[in-house]
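The values are calculated or read from the model by the stated rules, or taken from the named source; none is laboratory data. This one's a predicted model, so the numbers in the text were calculated from it and none came from an experiment. For neighbour counting, all protein chains shown are included, and Cβ atoms are generated from backbone atoms with ideal geometry for every residue, glycine included.
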Amino acid sequence: MKKKLFALLMALVMVLSLAACGGNEGDSQPADSGSGTSTDAQQPADSGDAAATTDLKLGYDLETGISVYGPYYDEWSDMTDEQLYEQAKTEDTTITVYATSSKMLKAEEPFEEMYPGLDLVVADLDSDEVLSKAKIENETNNITADVLQTKDVNGEVFHEYYDNGVIEPFYPRDICTHISEENLKYSYPLYSSQSFWYYNTAAFPDGQPITSWWQIIEKNDDGSQKYALYTKEIGQEMAYLSLFASFIINADEMAQSYKDIYGTDLEYTYDASSFAFEVPENNAGVEYLWRFTQAEMTFIGDGDELVLAVHNSTADRPALALASAGKIENREESGYNIDWCINLTPYTALLNTESMFVVSGCNSPAGARLFIRYITGGADGQSGGLKPFTKVGNWPLRDDFVDEKNPAKLPELGARANDLVSIYDIYPDVQDMWMYWLNQ
């Protein structure tokens, strides 16, 4: 509760401070691009009740007590590729991208060919390096990066880097019309991925053996575990812990899922008395976390080995493995008898979204935004920027982009967008519960 109150107070302080300074971003405001369109004309139209917060990058909903984020449209949002390009040529023409994917390197040559005079430099870093370097540059006012590509699964990026002014959003309005608003709330997305439970198609020729998360930890009549479970060590995987945290947040849905499967109300068996923090009583998500930690699991760090374990299982000794969606490629490449378990109740997974941010105070604000437009497909989805990221297990979120790589479309799989505000508030407690109960 203290953490939540602190976060809410910080949000309110930022709103007031931004309001006091008029929301001015200094050098990052677009200059006249010579198109005859004034900055005022590019301001978003009045949107009724939301108008009070549209001039601020962090609003505050007094009714719900929750920070308001995206999609946030500002004067940059309506600038075209041509306008951004003309302005970018008047700035520092070297655009530096800190990326967590080596595939971003493939954008350098085609981007420079499309926009002569601009030099794209991509630094291929791991997630921690991308964020730590950006933070140090911000603190020392020695900013090199213009663009950040990173993923936020537990709210850390949103609360600790965005809220603290290290990075800022860019929402190109024309492209955003092709992306569901639930996927624009916390960032502007490049693409999303997810993990699935895999099953053996030879052992279950009639289709997936489970339709609910509760069935994963089901037991036989003799008390033995129905499925051998294989996964990475969940306590070391932020995305997986965030998923379990979401079950606690959506406890009513977890309880209903149990009742739909077994026809009776869930019985609560966990003991919360061992924790120094408050654990909610009779919470179906907490109950699931407790029961899952008490199941027999084999932790394997390599995703290919996880799905191999499923391939090697039999109908007499069935197995399930939690692994990234892209491991389905072993079906074609290695002949594995594997497939995804989809549309689990209450939901299959949380979307893990790779996002693009502008670095606050960067030297190439227009160039940064031009590149972000390019890498996410451009105005018509045909820029070529998304091509390196289109593979099995990655889903571009534009509705006008044809995804020919994946065996199923994203809406068919049962995943949902991550609620980073709620996840961030309880994530440390969920991690503590996992580690403590796992060792009992």
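Of everything listed in (1) buried (at least 19 other Cβ atoms within 10 Å of the Cβ); (2) under 29 Å from the mean Cα position of the chain (by Cα), the single unmet condition for residue 277 is (1). The set of residues in segment 391-405 being in contact with a Lys or Arg (Cβ under 9 Å, 6 or more places away or on another chain) and in contact (Cβ under 8 Å) with a residue 60 or more places away in the chain consists of 391, 392, 393, 394, 395. Can you find even one residue in segment 84-100 that is surrounded by fewer than 21 Cβ atoms within 10 Å (Cβ to Cβ), assigned by TED's automatic domain parsing to the domain that holds residue 378 and under 21 Å from residue 389 (Cα atoms)? Within segment 84-100, one or more residues are surrounded by fewer than 21 Cβ atoms within 10 Å (Cβ to Cβ), assigned by TED's automatic domain parsing to the domain that holds residue 378 and under 21 Å from residue 389 (Cα atoms). Of the residues contained in segment 400-409, one or more are found to be closer than 30 Å to residue 289 by Cα and of a type in the set (A, V, I, L, M, F, W, C). Might you let me know whether segment 366-377 holds any residue that is assigned to a loop (DSSP other than H, G, I, E, B), under 21 Å from the mean Cα position of the chain (by Cα), assigned by TED's automatic domain parsing to the domain that holds residue 108 and closer than 23 Å to residue 100 by Cα? Yes - at least one qualifying residue is present in segment 366-377. Of all residues in segment 411-422, those that are over 21 Å from residue 393 (Cα atoms) and touching a residue at least 12 places away in the same chain (Cβ under 8 Å) have Cβ atoms under 9 Å from Cβ atoms of residues that are of a type in the set (Val, Ile, Thr) and in a loop (DSSP other than H, G, I, E, B), 6 or more apart or on another chain, in 420/153.
Checked against the criterion of being more than 23 Å from residue 247 (Cα to Cα) and part of a loop (DSSP other than H, G, I, E, B), the candidates 381, 414 yield just one match: 381. Residue count for segment 329-343, restricted to those that are without any contact (Cβ under 8 Å) to a residue 24 or more places away in the chain, among the acidic types (Asp, Glu) and within 24 Å of residue 210 (Cβ to Cβ): 1.
Within segment 111-123, can one find any residue that is assigned to a loop (DSSP other than H, G, I, E, B) and closer than 24 Å to residue 242 by Cα? No: zero hits. Looking across segment 134-160, the residues that are over 15 Å from the mean Cα position of the chain (by Cα) and buried (at least 20 other Cβ atoms within 10 Å of the Cβ) come down to 134, 145, 146, 147. Helices (runs of 4 or more DSSP H) fully within segment 212-274 that include at least 1 residues being touching a Ser or Thr at 6+ places or on another chain (Cβ under 8 Å), surrounded by fewer than 16 Cβ atoms within 10 Å (Cβ to Cβ) and on the phi < 0 side of the Ramachandran plot: 251-262.
For every residue, the table says whether it meets (1) at pLDDT below 95; (2) under 22 Å from residue 234 (Cα atoms); (3) out of contact with any helix residue (DSSP H, G or I) (no Cβ under 6 Å at 6 or more places or on another chain); (4) not assigned by TED's automatic domain parsing to the domain that holds residue 205.
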{"position": "250", "(1), (2), (3), (4)": "no, yes, yes, no"}
{"position": "282", "(1), (2), (3), (4)": "no, no, yes, no"}
{"position": "285", "(1), (2), (3), (4)": "no, yes, no, no"}
{"position": "288", "(1), (2), (3), (4)": "no, yes, no, no"}
{"position": "303", "(1), (2), (3), (4)": "no, yes, no, no"}
{"position": "310", "(1), (2), (3), (4)": "no, yes, yes, no"}
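Residues that are charged (D, E, K, R) and farther than 27 Å from residue 325 by Cβ occur in segment 172-195; there is at least one. Regarding residue 323, is this residue among the aliphatic types (A, V, I, L, M), closer than 30 Å to residue 180 by Cα and not assigned by TED's automatic domain parsing to the domain that holds residue 393? When the stated conditions are applied, residue 323 passes them.
Okay, residues lined up against (1) surrounded by 23 or more Cβ atoms within 10 Å (Cβ to Cβ); (2) of a type outside the set (Ser, Thr, Tyr):
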| position | (1), (2) |
| --- | --- |
| 331 | no, yes |
| 339 | no, yes |
| 345 | no, no |
| 353 | yes, no |
| 357 | yes, yes |
| 361 | no, yes |
| 366 | yes, yes |
| 369 | yes, yes |
